[in-house]
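Engineer: Mind having a look at this structure? Questions to follow.
Laboratory data are not the source of any read-out in this text; all were calculated from the coordinates shown. Here the structure is a predicted model, which is why all the values come from computation and not from measurement. All Cβ positions, even for glycine, are placed from backbone atoms using ideal geometry, and neighbour counts span all protein chains on display.
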Amino acid sequence: MAERINSIEDLEQMKAAAASQGVAMPNYNEWSQILSDLEEAGVKSTGSYSGDKALHAEIERQISEYIEQTKVEETQKQQQVQQEQPKKNSETDNEQALKATVANGTSSTIMADYMKYYHMLM
């Protein structure tokens with residue numbers, strides 16, 4: 001095969017030419033799938049079965065690494081959110097306790113002043 005096969009159409013033409021000579025084309029189905037995947041990914045064929053197969057394997061490896069990296073990052077984000085949640089809760093609890101203390105102190109002062117004036121008037 002001196003011709004370079006850069007698309008599924010080229011591969012089909014080569015298969016038809018081989019069939020007309022009574023020869024079966026080895027790895028046709030696999031190569032056809034590889035070319036389809038490469039076209040879908042927007043990657044140009046190398047023109048040879050072994051080159052396309054290696055390129056396809058490299059792309060699959062990179063996709064797998066990206067998926068794994070994304071999973072790790074997602075897990076880290078979830079852990080960070082889980083670690084920050086108790087801090088937010090305790091900060092909110094502290095703010096509420098402070099507000100309650102101020103409110104109690106203010107109402108106690110108001111009540112004490114009221115009673116003082118009430119007794120002065122009586």
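Engineer: Just subtract the alpha-carbon distance of residue 108 and residue 9 from 0.36 nm times their residue separation and send over the number in nm, one decimal.
Structural biologist: 26.8 nm
Engineer: Let me ask you something else. Quick check: net charge around residue 79, other residues with Cβ under 14 Å of its Cβ, Lys/Arg +1 and Asp/Glu -1? Don't jump to the answer; show the numbers that get you there.
Structural biologist: Values: positive: 71, 77, 87; negative: 73, 74, 84.
Result for the neighbourhood of residue 79: 0.
Engineer: Let me ask something else about it. Rounding to the nearest 10 and keeping the result within 0 to 90°, find how far the Cα-based axis of helix 49-121 lies from the longest principal axis of the chain.
Structural biologist: The helix 49-121 is inclined about 10 degrees to the chain.
Engineer: About the Cα centre of the chain, how large is the charge dipole given +1 on each Lys and Arg Cβ and -1 on each Asp and Glu Cβ? Please answer in debye to the nearest 20. Mind dumping the intermediate values first?
Structural biologist: Working: 11 positive and 20 negative charges, 152 e Å.
Taking the Cα centre of the chain as origin, the dipole is about 740 debye.
Engineer: Among the lysines in the chain, how many pairs, 8 or more places apart or on different chains, have alpha carbons under 19 Å apart?
Structural biologist: Values: 15/53; 44/53; 77/87; 77/88; 87/99; 88/99.
Close lysine pairs found across the chain: 6.
Engineer: Any idea which of 62, 97, 6 is furthest toward the positive side of the dipole for the chain, if Lys and Arg beta-carbons carry +1 and Asp and Glu beta-carbons -1?
Structural biologist: Checked the options; the winner is 97.
Engineer: Let me ask something else about it. How would you rank 35-42, 18-25, highest first, on the average number of other Cβ atoms within 10 Å across their residues? Mind dumping the intermediate values first?
Structural biologist: Numbers: 35-42: 13.6, 18-25: 10.4.
Highest mean packing first, the order is 35-42, 18-25.
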